[in-house]
Amino acid sequence: MRRRWPAARSATGLGDPYKIGISEMFDSLSTRLQDVFKSLRGEARLTPENVEAALREIRLALLEADVNFKVVKAFIDRVRDRAMGQDVLRSLSPSQQVVKIVRDEMIALFGDAEGGLRPTSKRPRVVLLLGLQGAGKTTTAGKLGKWLAKQGRHPLLVSTDVKRPAAIQQLNVVGQKAALRVFDPPAQLDPVQRAKGALGEAGNLGFDVVIVDSAGRLHIDDELMTELVEIKDATYPSDLLYVADSMTGQDAIKSAGEFNRRIGITGVVLTKLDGDARGGAALSVVSVVGVPIAFVGSGERLEDFEPFHPERVVSRVLGMGDVLSLIERAEAAIDEGDAERLEEKIRSNEFTLEDFRDQLKTIRKMGPLEQIIGMLPGMGNIKALAENKPDEKQISRIEAIISSMTPDERRRQHIINGSRRKRIAKGSGTSVEDVNRLLKQFVQMQKMLKSLGGMTGLAGGGSKKARRRAMQMLRSRG
């Protein structure tokens, strides 16, 4: 995915939450807000005049990000009321207090609810996915099912979209890709009976979640609403999730409001956050529709899906990073046994090119490099990063060079002479200079790791217990 960097001052918006999903979508907003805070840091004391000037810039930034104008007005009024307080104006660090006020009020825009599914004791749990055609309901069904499977649940998928050509087959393909069971009685073309049949199948076979992928339309119509109400009455869903295409902006919010009025929804799933959406839909949905954002989809992979965490999104928009999400990604990508073996190799100075290649693969599992860097505090809008964005192709070239070596060469790089370097370059489709550069950098890395004494691996050595302690410390400071 090609990211639009802040230096280009694009009108797009934050990035995979986390392809940089939430940071990608809010890029322009994030840059504008951080510029405002920089200007405030130059003031020894805040005055009503420079507070108003800052609020004008914040208002423009939010409107350009496609935030609903009523939401913007209420937001600015709340920030003004708090920022004009004497405690802030007379503070020794007024800009920090204003940042905190903006952060608190942005989190309030998303409501107090954390993302995910609501607690319920009902088994099987029924999740009904709603939305217009093309919003990504079928892909979301597979992503949600895969996410639930990681939580130890046993989901069953069913499609009730009997009119759209190949809709049922599409869910079967997604289910197969996600290694999930799909209920598909070939002779049954009644939407309500398909949904009820999936409940019976789940009860008989021990599935504890049924995900219903409903039909969509290009526009809301009475026939669709009647069908959805009948499915709702027949299945008693615990969760009615409206799947909204974030690229449609405020139109997605209007449609969500109509679905909520006529059927009732419990949460919103924002899809396609890796696109060119400006982010306003995410900031408006809770205030306008009155329901929380449950999940976000931020890429084409089935793994690009996670519960929505308001405080993490806001922290990234304001340039504070998202260390908790970074730690969680590392935990998901890194095998604890492999991490301990790697740490031991580093301690004993046995770190090889083969280990280096394995670590690069692990880092790639965590997501695009831009996304990972965007989670580090203060790194999102650094000018050097904007001008020299991470090159995913470079990692591929390094992997190709190492893979073109023999096992002995990967373990003992000092035996790689001139003729071997020519062979490796030819086999990897690179140049001898590229091979030389990699070997030189690897020797420097070995020296650095040796001096560190094996304190940590490239992609996060150490035990999961230590990482959990780090997460607890970060949460306690938040």
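The values are calculated or read from the model by the stated rules, or taken from the named source; none is laboratory data. Fair warning: this is a prediction, and the values are worked out from it, not measured in the lab. Backbone-built Cβ (ideal geometry, glycine too); neighbour counts: all protein chains shown. We work out accessible area using only protein heavy atoms, side chains counted, and drop any ligands, DNA or RNA first. Shrake-Rupley method; radii C 1.70, N 1.55, O 1.52, S 1.80 Å.
When all alpha carbon pairs of the stretch 93-229 are counted in 10 Å bins from zero, the resulting P(r) reads 11, 36, 27, 13, 8, 4, 1 %. Ignoring solvent entirely, what values of log10 I(q)/I(0) come out of the Debye formula for the stretch 175-236 at 0.25, 0.30 Å⁻¹ when each Cα is a single scatterer? Scattering profile of the stretch 175-236, log10 relative to I(0): -1.15, -1.34.
Here the stretch 224-307 exposes an accessible surface that is 46 percent carbon and sulfur, computed with a 1.4 Å probe and the other protein chains kept in place.
Could you list log10 I(q)/I(0) for the stretch 96-156 at q = 0.12, 0.17, 0.25, 0.27 Å⁻¹, which the Debye formula gives when each Cα is one point scatterer? The computed values of log10 I(q)/I(0) come out as -0.51, -0.78, -1.09, -1.17. Between Asp190 and Arg341, the FRET efficiency from the beta-carbon distance, with R0 = 41 Å, is close to 0.15. For the stretch 123-265, the solvent-accessible area works out to 42 Å² per residue, with a probe of 1.4 Å and every protein chain left in place. Applying 1/(1 + (r/R0)^6) with R0 = 30 Å to the Cβ-Cβ distance of Glu354 and Val173, what FRET efficiency is obtained, to the nearest 0.05? Between Glu354 and Val173 the formula returns 0.25.
The apolar share of the surface of the stretch 92-213, taken as the fraction of accessible area on carbon and sulfur atoms (1.4 Å probe, ligands and nucleic acids excluded), comes to 52 percent. Site pair Leu218 and Thr120 shows an inter-label distance of 3.3 nm when each label is modelled 7 Å from Cα along Cα→Cβ.
If R₀ is 25 angstrom, what is the calculated FRET efficiency for the pair Ala108 and Thr47, using the beta carbon separation as r and rounding to 0.05? It comes out at approximately 0.45. For His154, the solvent-accessible surface with a 1.4 Å probe is about 100 Å², rounded to the nearest 10. Modelled spin labels at Arg56 and Asp233, positioned 7 Å past Cα toward Cβ, are 5.7 nm from each other. Placing a pseudo-label 7 Å from each Cα along the Cα-to-Cβ vector at Arg301 and Lys70 gives an inter-label distance of 4.0 nm.
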